[in-house]
Amino acid sequence: MKFAVDLHIHSALSPCADKDMTPNNIVNMARIKGLDFIAITDHNSGANLEAVDKCAKKTGLIFIPGMEVETSEEVHLVCLLPDLESAAVLHRHVYNSLPDMKNREEIFGKQLILDEYDRIMGEEERMLITATLLNVNEVFLFVNRLGGVVLPAHIDRLSNGMISNLGMIPEDLGIRYLEISRNCSETAFRTLRPELDSYGLIRSSDAHYLGEILEREMWLELEDRSPMAVIKKLKKNS
């Protein structure tokens, strides 16, 4: 069965995201756009995952808890987890690896923690949009132990990508899929980077605004409608 997915969406917890990126707004926009699966992947935090999960369960939209972790090498990694419990473990681990710096909302924006009714429950004071103390290998190892999968984020970009920052895709990490940006052509990318032909490509929106969430344009062939089916797919060779 084929399903339409967008596996890289930010909520209002991410300081660079619009304040309208609330749990209900995200879920309802994803439904309007006809998506079957979404993942919320805020910067270095999972504080809004439970709220989005509750909203999604009311609609039939399948929700995958996730996080966009910035490593000590300043590489962005999309981490997808099988359930809220494993996501909470990752949240604590990453939070404890953040530098002790306060967010500067006048520069980066607010970091809103919301409930399933879109009510503001608080603000995260620690700066989320920064590199953690975890290196790439440590993130892959930790997420794999939790039963999740890691995707090198926006691999086509010149900043915060694995290729731009490391100069390569380390073979020992067991990577099967790479993420490309929503406006990146898969055909053009494969033409420019033929050495990456062995990897599957998945396009995600990296949405910071509601209108940026993907339409029914990125499809995955899955065994069933579950977060684990997506994780298993992304761990296999394409």
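The values are calculated or read from the model by the stated rules, or taken from the named source; none is laboratory data. Since the model is a prediction, treat every value here as computed from it, not as a measurement. Using ideal geometry, Cβ is built from the backbone for each residue, glycine included, and neighbour counts are taken over all protein chains shown. These area figures cover heavy atoms from the full protein model, side chains too; ligands, DNA and RNA do not enter into them. Shrake-Rupley method; radii C 1.70, N 1.55, O 1.52, S 1.80 Å.
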For this session: Considering the options Ser86, Ala4, Phe140, tell which one lies farthest towards the positive end of the dipole of the range 1-140, charges being +1 on Lys and Arg and -1 on Asp and Glu at the Cβ, about the Cα centre.
Result: Ala4
Problem set entry | Accessible heavy-atom area order of Ile62, Ile129, Ile155, highest first, probe of 1.4 Å | Ile129, Ile62, Ile155
Exercise. Using only the Cα atoms of the range 30-102, what do you get for the radius of gyration and for Dmax, in Å?
Worked result: 13.2, 40
Seminar exercise, completed: Taking every DSSP bridge whose two residues both lie in the range 14-109, the antiparallel percent to the nearest 5 is 50 percent
Problem set entry | Virtual paramagnetic centre 7 Å along Cα→Cβ of Arg176, amide N under 14 Å, in the range 213-238 | 220-224, 228-238
Exercise. Quick one: which of 29-35, 118-124 comes out on top by average Cβ neighbours within 10 Å, and what's the full order, highest first?
Worked result: 29-35, 118-124
For this session: Please report, in debye to the nearest 20, how large the charge dipole of the range 41-83 is about its Cα centre when each Lys and Arg carries +1 at its beta carbon and each Asp and Glu carries -1 there.
Result: 420 debye
Problem set entry | Antiparallel %, DSSP beta bridges [both residues in the chain], to 5 | 55 percent
Exercise. How long is the gain from Arg31 to Arg216 if the chain were fully straight, where each residue apart is worth 0.36 nm and the alpha carbon distance is subtracted?
Worked result: 65.6 nm
Exercise. Just from its helices, what would the mean residue ellipticity at 222 nm be for the chain, if runs of 4 or more DSSP H residues each count -39500 (n - 2.57) and the sum is divided by every residue, rounded to the nearest 500 deg cm²/dmol?
Worked result: -7500 deg cm²/dmol
Seminar exercise, completed: For Asp20, Asp53, the accessible-area ranking with a 1.4 Å probe, largest leading, is Asp20, Asp53
For this session: With r as the distance between the Cβ atoms of Ile120 and Tyr209 and R0 = 22 Å, compute the FRET efficiency 1/(1 + (r/R0)^6) and round to 0.05.
Result: 0.75
Exercise. Expressed as a whole number of Å, what is the distance separating the alpha-carbon centroids of the range 161-213 and the range 41-66?
Worked result: 23 Å
Seminar exercise, completed: The local net charge around Asn44, scoring Lys/Arg +1 and Asp/Glu -1 for residues other than Asn44 whose Cβ lies under 10 Å from its Cβ, equals -3
Seminar exercise, completed: Computed about the Cα centre, the charge dipole of the chain from +1 Lys/Arg and -1 Asp/Glu charges at the Cβ has a magnitude in debye, to the nearest 20, of 540 debye
Problem set entry | Label-point separation in nm, Ser226 to Thr59, each point 7 Å along Cα→Cβ | 2.3 nm
Problem set entry | Computed FRET value (nearest 0.05) for Thr187 with Lys110, which takes r as the C-beta separation and R₀ as 41 Å | 0.60
Exercise. Quick one: putting +1 on the C-beta of Lys and Arg, -1 on the C-beta of Asp and Glu, what dipole do you get for the range 95-156 around its Cα centre, in Debye to the nearest 20?
Worked result: 220 debye
Exercise. Mean separation of Cα pairs under 8 Å and 6+ residues apart, divided by the residue count of the range 163-238: what relative contact order is that in percent?
Worked result: 33 percent
Problem set entry | Alpha-carbon spread of the chain, three principal axes, descending order, Å | 46, 39, 31
Exercise. List the lysines whose alpha-carbon lies under 22 Å from that of Lys110, not counting same-chain residues fewer than 8 positions away?
Worked result: Lys19, Lys102
